[in-house]
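We did not get these values from a lab; they are worked out from the coordinates using the rules stated. The shown structure was predicted, so the numbers you read here are calculated from the model rather than taken from an experiment. Positions of Cβ are generated from backbone atoms using ideal geometry, with glycine treated the same way; all protein chains shown enter the neighbour counts.
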Amino acid sequence: MNERRRLFEQLEGLGGSRTVILGIGNTLKGDDAVGPLVCEGLAGKVCAEVIDAGAVPENYIQSIIRKNPQTLLIVDAIDFGAAAGTINVFRPDQLGSAAISTHTLSPRLFVDMIKRDIEVDVYFIGIQPAQTELGLALSSPVEQALQQVIHTLAEVFPASA
């Protein structure tokens with residue numbers, strides 16, 4: 001629960017903003033599925049716009065620009081050298097060689113393409129994967145992190161009553 005409290009404290013100030021939550025990942029590659037699974041878990045539970053971009057976030061750049069959010073939260077499996085299931089919030093400038101996304105388009109380039117057209121605060125919610133091999137299921141530590149992220153985002157961006 002300590003991890004969830006820390007995540008909430010990092011995100012709680014964003015609650016009143018127009019927000020897009022973008023999940024990135026490949027559901028066939030073990031822990032890489034965490035982004036899309038967060039989106040699935042948030043369905044109907046948040047006031048933010050939720051987009052499951054799958055493994056091709058670049059296909060959603062124009063859609064995000066048209067929505068013109070104040071905040072863009074990107075949920076992805078990111079290898080930042082921590083224990084499996086560790087959750088960390090990154091700003092785009094913190095994603096360097098130490099944090100590696102499992103996708104072909106660099107996270108920084110993705111953000112730069114969006115920021116060329118709109119002013120938006122961007123945060124990455126990175127979950128440290130245990131494994132991302134094709135055909136594997138979600139690992140237990142990442143499943144626990146997934147539930148923490150869903151509950152925290154539902155708390156920060158509650159659906160209208």
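By the count of other C-beta atoms within 10 Å, a proxy for reagent exposure, Ser160, Ser63 are ordered fewest to most as Ser160, Ser63.
Report note on the peptides 146-154, 4-12: ranked by the mean count of other C-beta atoms within 10 Å, highest first, their order is 146-154, 4-12.
The listed peptides 45-57, 19-31, ordered by packing as a protection proxy, come out as 19-31, 45-57 (highest mean of other Cβ atoms within 10 Å first).
Karplus-derived 3J(HN,Hα) values for the stretch 72-78, using 6.51 cos²θ - 1.76 cosθ + 1.60 with θ = phi - 60°, are 10, 9, 10, 9, 7, 6, 10 Hz; glycine and proline are entered as x. For Asp76, Asp93, the sequence from fewest to most other C-beta atoms within 10 Å is Asp93, Asp76.
Straight-distance candidates among the aspartates and glutamates for linking to Lys67, with alpha-carbon spacing under 12 Å and chain neighbours fewer than 8 residues away dropped: Glu49, Asp117, Glu119.
Which of the three applies to the stretch 34-77, rounded, prolate or oblate, going by the alpha-carbon gyration tensor with a ≥ b ≥ c and a/c under 1.5 meaning rounded? Oblate, since a/c reaches 1.5 and b/c is not below a/b. Within the straight-line cut-off of under 15 Å between alpha carbons, the aspartates and glutamates reachable from Lys115 are Glu58, Asp93, sequence neighbours fewer than 8 places apart in one chain being disregarded.
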